[in-house]
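The values are calculated or read from the model by the stated rules, or taken from the named source; none is laboratory data. As the structure is a computational prediction, the values presented were derived from the model and not from experiment. Heads up: the accessible areas ignore ligands, DNA and RNA and are worked out on the full protein's heavy atoms, side chains in. Shrake-Rupley method; radii C 1.70, N 1.55, O 1.52, S 1.80 Å.
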Amino acid sequence: MSRVTLKDVAKQAGVSVASVSNVLNGKTSKVTEETAKHILLVAQQMKYFKNPIAAALKSGTTNTILILLPTLDKTRTKQPLLQDNPFFTDFLSGIEKATSQNQLSCSFVRVSEAHEIDSIINGPTPKGVITLGNLSDTVLEKIASWPFRTIMVDNVKFFNDYSANDNLINYYIDDHEMGSLAINHLFECGHKNIVLLFGRLSDSAVHLARYQGVVDKRQSTNGDMKLTLIETELSIDAVRDVFPKIKNTIEDAGATAVLCMADILAIGCMQAASQHKLNIPGDFSLMGMDNLKLLDYLPYRLTTIDQNIVNRGFHAVQKIINEHEIFDYDFNVIEGETVLKV
């Protein structure tokens with residue numbers, strides 16, 4: 001069965017195609033109220049639906065939010081974006097909720113080279129763009145001057161390195177404060193010898209900011225805290241590889257707690273500890289950061305810092321729709337069963 005067109009509706013209603021187009025697009029001033037109602041009734045009876053793709057081609061704009069992601073790196077055995085990091089799953093859940101409520105759609109686009117950005121610039125104008133992950137410098141250079149309203153998620157370095165235009169929004173949380181709050185909680189629980197399990201500091205400004213927050217808070221304790229930094233890839237499998245170092249620091253150097261810069265690393269710690277016959281929190285206390293929704297499915301509650309990830313995704317879309325939208329975040333320590341006072 002062929003798709004019903006504007007011409008079909010116009011013929012059935014006995015009016016011009018222009019009249020049907022105007023009424024179905026909300027422009028009813030050029031026809032009588034009776035005619036407008038008649039056209040809407042005929043369109044409904046004929047099961048006519050607007051073609052959003054055709055409308056986009058005609059107007060040059062869409063109701064689509066583009067989610068810009070880095071191209072998968074084939075040289076790495078594990079890709080930390082989306083499939084290995086539930087942070088992105090939570091953030092995208094918020095995006096999906098907001099787009100649904102605002103009758104928008106979202107589309108994923110992976111890019112690695114500047115010419116791939118050109119195809120977006122030369123295509124239909126998106127409602128807005130949200131960037132996730134570490135995009136290449138050549139891609140960022142293009143984004144720095146393009147015309148789309150764009151949310152740059154957790155990429156403060158971009159705004160330090162490039163001259164951002166008015167269409168670009170620096171959308172980040174205070175990761176320094178998150179790190180500071182986390183280490184302070186362990187310190188107040190009596191822990192003074194702590195392993196820091198972090199993603200590689202050179203990989204992300206987020207990793208570095210959280211680490212710097214920890215270090216700065218340590219200085220405020222007059223150095224009365226020993227920290228051992230262990231860096232790894234941001235995945236559960238990677239934690240298994242470095243866990244022997246963590247175990248040695250606990251058993252030989254007297255560490256009493258492990259602070260993970262992300263919950264995904266803490267989950268890896270839980271699994272590895274079980275394999276090495278170590279008990280949490282009996283043998284060592286464990287704390288994460290982020291408060292992933294995934295934690296609700298664990299057998300016991302991880303102590304972590306809540307940054308309200310789903311709400312961040314939701315408000316990223318709201319910020320595109322309304323530039324005056326304000327996202328107020330408050331970090332909260334979620335006390336679970338994995339940290340003991342010593």
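Give me the compactness ratio for the range 182-323, meaning the Cα radius of gyration over 2.2 N^0.38 Å.
Normalised Rg, Cα atoms only: 1.09.
Would you kindly derive the ³J(HN,Hα) couplings of the range 149-166 from the backbone phi angles with the Karplus curve 6.51 cos²θ - 1.76 cosθ + 1.60 (θ = phi - 60°), listing them in order in whole Hz, with x for Gly and Pro?
Once rounded to whole Hz, the list reads 5, 10, 9, 9, 7, 6, 9, 4, 4, 4, 6, 7, 8, 10, 7, 6, 8, 5.
Once neighbouring chains are kept in place and the probe is 1.4 Å, which whole percent of the accessible area of the range 203-307 is contributed by carbon and sulfur? Write out the running numbers ahead of the final one.
Working: 1960 of 4330 Å².
Here carbon and sulfur together make up 45 percent of the probe-accessible area.
Please compute the per residue accessible area over the chain with all protein chains in place, 1.4 Å probe, rounded to a whole number of Å².
Dividing the accessible area of the chain by its residue count gives 51 Å².
Please tell me the relative contact order of the range 162-304 in percent, rounded to the nearest whole number, where contacts are Cα pairs under 8 Å and at least six residues apart.
Contact order relative to length: 24 percent.
Past 28 Å, Cα to Cα, is the threshold; run LYS293/LYS341; LYS27/LYS47; LYS37/LYS97 against it and keep the listed order.
LYS37/LYS97
Using the Karplus curve 6.51 cos²θ - 1.76 cosθ + 1.60 with θ = phi - 60°, what ³J(HN,Hα) values do you get for each residue of the range 100-110, in whole Hz, with x for Gly and Pro?
In residue order, the calculated couplings are 5, 5, 10, 6, 10, 10, 10, 9, 8, 9, 9 Hz.
How far, in nm, would the chain grow between LEU229 and LEU298 when pulled straight, counting 0.36 nm per residue and subtracting the alpha carbon separation?
In short, 22.2 nm is gained.
Looking at the range 207-342 only, what percent of DSSP beta bridges run antiparallel? Nearest 5 please. Could you put the intermediate results ahead of the total?
Details: 3 of 8 bridges.
Counting only bridges with both partners in the range 207-342, antiparallel ones make up about 40 percent.
Check THR150: other-chain or 5+ apart residues with amide H under 5 Å from its amide H, H built from backbone geometry?
Close amide H contacts, sequence-distant or interchain: VAL129, LEU168, ILE169.
So what J values fall out for the range 198-207 if you push phi through Karplus, 6.51 cos²θ - 1.76 cosθ + 1.60 with θ = phi - 60°, rounded to Hz, Gly and Pro as x?
10, x, 4, 4, 6, 7, 7, 5, 5, 4
For the chain, give me the percentage of DSSP beta bridges that are antiparallel, rounded to the nearest 5 percent.
Beta bridges within the chain, antiparallel portion: roughly 10 percent.
I need to check one value: relative contact order of the range 250-342, counting alpha carbon pairs closer than 8 Å and at least 6 residues apart, in percent. Don't skip to the end; give the middle numbers.
Details: 128 pairs, mean separation 26.8, N = 93.
Once normalised by length, the contact order is 29 percent.
On the full set of protein chains, 1.4 Å probe, figure out the accessible area of TYR48 and give it in Å² to the nearest 10.
40 Å²
Once you order the gyration tensor axes a ≥ b ≥ c over the Cα atoms, which shape class does the chain get: rounded for a/c under 1.5, otherwise prolate or oblate by comparing a/b with b/c?
Cα axes put the chain in the prolate bin.
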